[in-house]
Each structure stands twice: as structure tokens, then as C-alpha cells.
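Novice: Starting off with a structure, shown below.
The values are calculated or read from the model by the stated rules, or taken from the named source; none is laboratory data. Since the model is a prediction, treat every value here as computed from it, not as a measurement. Glycine also receives a Cβ, built like all others from the backbone with ideal geometry; neighbour counts cover every protein chain displayed.
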Amino acid sequence: MDGLTKRRHSIAHLLGAAVVEIDKGAKLVYGPPTDDGFFYDVETSKTFTEDDMSKITEKMQQILPSWDKFTQKELQEKNARELFGDNKYKKSFIDQAVKNKEKITAVWSGDFVDLCAGGHID
């Protein structure tokens, strides 16, 4: 993964963290980098407006100073299910990883954690 792609992936995590802080009931699906940016699929009870997008951007700027690194850890299935037990999408990813005998990894930055295979800026 090149530097720009890692940066986009890292910022996607920041976006996810901001959305969850603004909407505590939001369920993150996944947030990959793309050829021209990044996104995060999210299940939420509301439709985001332009005003919400400004709030999300502000929240991202508030969170960023507390993020000094990304820490990736391999999780046992039980631990992953406990950590992400309230998110049906994460449960599905865990089920798929178990079925395919793949590692289950999560990445932490600041107070935010998500299932992730990695590829972040230092």
C-alpha cells in the first residue's frame, strides 16, 4: 500500500471515529481508501445533511490531536465478538474470517477501534 493510500485509509478511520462520537447509535461497516479519496459505510438512524458534514469535519479536527499512532493487534474470535458484539456488520466480518481461517485484526487509535487488516500512516 503506497503512502497516499495509507493516508486515505487512516483518515477514513478518523471519519468513522467522528461519526460514532456524533451519533452514538451509528454502526460502522467499513471504511476503505479509494482511488480518489476514502469513505465509510455507516448504518445510522438519520440522514446526514450538509450541516452534519460540517459537524463531522469539526469533530475529526477535534479528535486528530489525540491520535499519535495506529496500533494493530490480532484478536481471538471470542475477544473480537466481545469487542464488536453490538455491531451486526462486524459480526459478519468475524464470521467470514473464521470460516476462511483468516486472522482477525483490529486497529486502535486514540479511543477508536475497528476491525482492520492495516495499512496506516505512522
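Novice: Can you work out which of the residues in region 1-49 that are over 19 Å from Gln62 (Cβ atoms) and in contact with a Ser or Thr (Cβ under 8 Å, 6 or more places away or on another chain) is surrounded by the fewest Cβ atoms within 10 Å (Cβ to Cβ)?
Specialist: In this case the residue turns out to be Gly25.
Novice: Could you list all residues from region 74-96 that are surrounded by fewer than 16 Cβ atoms within 10 Å (Cβ to Cβ), in a helix (DSSP H, G or I) and without any contact (Cβ under 8 Å) to a residue 24 or more places away in the chain?
Specialist: Across region 74-96, the qualifying residues are Lys78, Asn79, Glu82, Lys91, Ser92, Asp95, Gln96.
Novice: So Phe38 clears everything in (1) in contact with a strand residue (DSSP E or B) (Cβ under 9 Å, 6 or more places away or on another chain); (2) under 27 Å from Lys103 (Cβ atoms); (3) without any contact (Cβ under 8 Å) to a residue 40 or more places away in the chain; (4) not small (Gly, Ala, Ser) except one condition, right? Which one?
Specialist: (1)
Novice: Spot the failing condition for Leu15; the list is (1) in a helix (DSSP H, G or I); (2) over 12 Å from the mean Cα position of the chain (by Cα); (3) among the hydrophobic types (A, V, I, L, M, F, W, C), and only one is missed.
Specialist: (2)
Novice: Related question: Kindly provide the set of residues from region 100-122 that are assigned to a loop (DSSP other than H, G, I, E, B) and either surrounded by 16 or more Cβ atoms within 10 Å (Cβ to Cβ) or at pLDDT 95 or above (or both), ordered by number.
Specialist: Matches in region 100-122: Asn100, Lys101, Glu102, Lys103, Gly110, Cys116, Gly119, His120.
Novice: Could you run through region 63-73 and say how many residues are surrounded by 11 or more Cβ atoms within 10 Å (Cβ to Cβ) and part of a helix (DSSP H, G or I)?
Specialist: The qualifying residues number 3.
Novice: I've got another one for you. Return yes or no: is Ala17 in contact with a Lys or Arg (Cβ under 9 Å, 6 or more places away or on another chain) and modelled with pLDDT of 90 or more?
Specialist: Considered against the rule, which asks whether it is in contact with a Lys or Arg (Cβ under 9 Å, 6 or more places away or on another chain) and modelled with pLDDT of 90 or more, Ala17 comes out as yes.
Novice: Continuing with the same structure: Test each condition in (1) closer than 13 Å to Leu14 by Cβ; (2) without any contact (Cβ under 8 Å) to a residue 24 or more places away in the chain for Ser66 and report the one that comes out false.
Specialist: Among (1) closer than 13 Å to Leu14 by Cβ; (2) without any contact (Cβ under 8 Å) to a residue 24 or more places away in the chain, Ser66 violates only (2).
Novice: In addition: Can we say Glu58 is in a loop (DSSP other than H, G, I, E, B) and surrounded by 11 or more Cβ atoms within 10 Å (Cβ to Cβ)?
Specialist: no
Novice: Every residue in region 41-61 that is in contact with an Asp or Glu (Cβ under 8 Å, 6 or more places away or on another chain), more than 12 Å from Leu15 (Cβ to Cβ) and touching a residue at least 24 places away in the same chain (Cβ under 8 Å), please.
Specialist: Thr44
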